[in-house]
């Protein structure tokens, strides 16, 4: 089963200074953090803020290629966690045929924002990640992090709140 989520915000982990994309289950207070690289966070932030680059960025290029090939990005799904790494799948439709493509969640999210398509998380991943939000090994305990993420308000999320 897949659960639809929205981006609640993009922020920096206060203990590691790594970017976090905070996903929130629609209709629930459940949040799920995904630590991403600085370049991926920037690609997501650019689209959240609707900034225009003078030339297409990588995710813009990919969106344009998908359109040029008469395909449509229907949804992205964060499907699993392997060795503390999230995995995602792009679901495309082309000429009535469904195609799936393996992707990093950060790239999938950046593309989903540009294609205005829904973001889903498998139920298993959501249950695992919301309970096992340990992040990088030096970070706070899972319980401390979960409490901190659930208690975020709009000011905490800064300029990247959704």
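The values are calculated or read from the model by the stated rules, or taken from the named source; none is laboratory data. Since the model is a prediction, treat every value here as computed from it, not as a measurement. Cβ coordinates were reconstructed from backbone atoms using ideal geometry, including for glycine residues, and neighbour counts include every protein chain displayed.
Tally up the residues in the stretch 122-147 that are buried (at least 17 other Cβ atoms within 10 Å of the Cβ), at pLDDT 65 or above and either on the phi > 0 side of the Ramachandran plot or not in a strand (DSSP E or B) (or both), please.
4
Are there any pairs, at least 6 apart or on different chains, whose C-beta atoms fall under 6 Å, with the first in the stretch 54-68 and under 17 Å from residue 109 (Cα atoms) and the second in a helix (DSSP H, G or I), and if so, which?
Listed by first residue and then by second, the contacts come to 59/43; 59/110; 59/111; 59/114; 62/111; 63/114; 63/115.
Looking at the stretch 23-37 only, could you name the residues that are touching a helix residue (DSSP H, G or I) at 6+ places or on another chain (Cβ under 7 Å), part of a loop (DSSP other than H, G, I, E, B) and either free of Cβ contacts under 8 Å to residues at least 12 places away in the same chain or under 15 Å from residue 113 (Cβ atoms) (or both)?
36
Residue-wise test of (1) in contact with a helix residue (DSSP H, G or I) (Cβ under 8 Å, 6 or more places away or on another chain); (2) more than 24 Å from residue 13 (Cα to Cα); (3) crowded, with 19+ Cβ neighbours inside 10 Å.
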| site | (1), (2), (3) |
| --- | --- |
| 45 | yes, no, no |
| 54 | no, yes, no |
| 65 | no, yes, no |
| 69 | no, yes, no |
| 76 | yes, yes, yes |
| 93 | no, yes, no |
| 98 | no, yes, no |
| 120 | no, no, yes |
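For the stretch 38-80, which positions are outside any helix (DSSP H, G or I) and either under 14 Å from residue 112 (Cβ atoms) or at pLDDT 95 or above (or both)?
69, 70, 71, 72, 73, 74, 75, 76, 77, 78, 79, 80
For the stretch 85-102, check the following and say yes or no: at least one residue is closer than 20 Å to residue 45 by Cα, out of contact with any strand residue (DSSP E or B) (no Cβ under 8 Å at 6 or more places or on another chain) and not in a strand (DSSP E or B).
Looking for residues that are closer than 20 Å to residue 45 by Cα, out of contact with any strand residue (DSSP E or B) (no Cβ under 8 Å at 6 or more places or on another chain) and not in a strand (DSSP E or B), one finds none in the stretch 85-102, hence no.
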